[in-house]
């Protein structure tokens, strides 16, 4: 139904979010986190059906808990540097603009690992210390 009076619409400002952590999951501050196929936040790992969402702002220990027993504060819509993979999965300058794939909560790779990895985000730059990846779930899902 359309509005018939003013409305105080709630908004999220900035890049900080809080979301439910998956069962039996421990997330370290600074870790690449992903949304698993069930919609819960977990640390980056080799898995399918997930998408990179951001960087954990704080640790979250749900190792003994069920899905959504706790939340984790994280940043999304940002660009962050991760370790580059090695050998055939090394991300190079020519890969800028393409997809980075999640190897773990601190490393990204050039390929999907024969359909075993999920998308981390968009590669924005490569330097001697690693790979800069744009973490925006909506963009990554659409790519």
Count - residues of segment 83-96 that are surrounded by fewer than 17 Cβ atoms within 10 Å (Cβ to Cβ) and at pLDDT 95 or above: 7
Complete set of residues in segment 62-82 that are in contact (Cβ under 8 Å) with a residue 60 or more places away in the chain, part of a strand (DSSP E or B) and crowded, with 17+ Cβ neighbours inside 10 Å: 75
Long-range neighbours under 7 Å by Cβ, at least six apart or interchain, first residue closer than 22 Å to residue 31 by Cα within segment 83-105, second at pLDDT below 95: 99/143
Unmet criterion (only one of (1) over 20 Å from residue 122 (Cβ atoms); (2) outside the structural domain of residue 127 (by TED's automatic domain parsing); (3) out of contact with any strand residue (DSSP E or B) (no Cβ under 8 Å at 6 or more places or on another chain)) for residue 58: (3)
Scan of segment 3-61 for residues that are without any contact (Cβ under 8 Å) to a residue 24 or more places away in the chain and within 23 Å of residue 109 (Cβ to Cβ), ordered by number: 36, 37, 42
Residue check for residue 14: out of contact with any helix residue (DSSP H, G or I) (no Cβ under 6 Å at 6 or more places or on another chain), closer than 30 Å to residue 114 by Cβ and not in a strand (DSSP E or B): no
Test: residue in segment 116-125 that is in contact with a helix residue (DSSP H, G or I) (Cβ under 6 Å, 6 or more places away or on another chain), surrounded by 15 or more Cβ atoms within 10 Å (Cβ to Cβ) and in contact (Cβ under 8 Å) with a residue 60 or more places away in the chain: yes
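The values are calculated or read from the model by the stated rules, or taken from the named source; none is laboratory data. Nothing here was measured: the structure is a model prediction, and the numbers come from that model. Because the Cβ atoms are built from the backbone with ideal geometry, glycine has one as well, and the counts that use them run over all protein chains shown.
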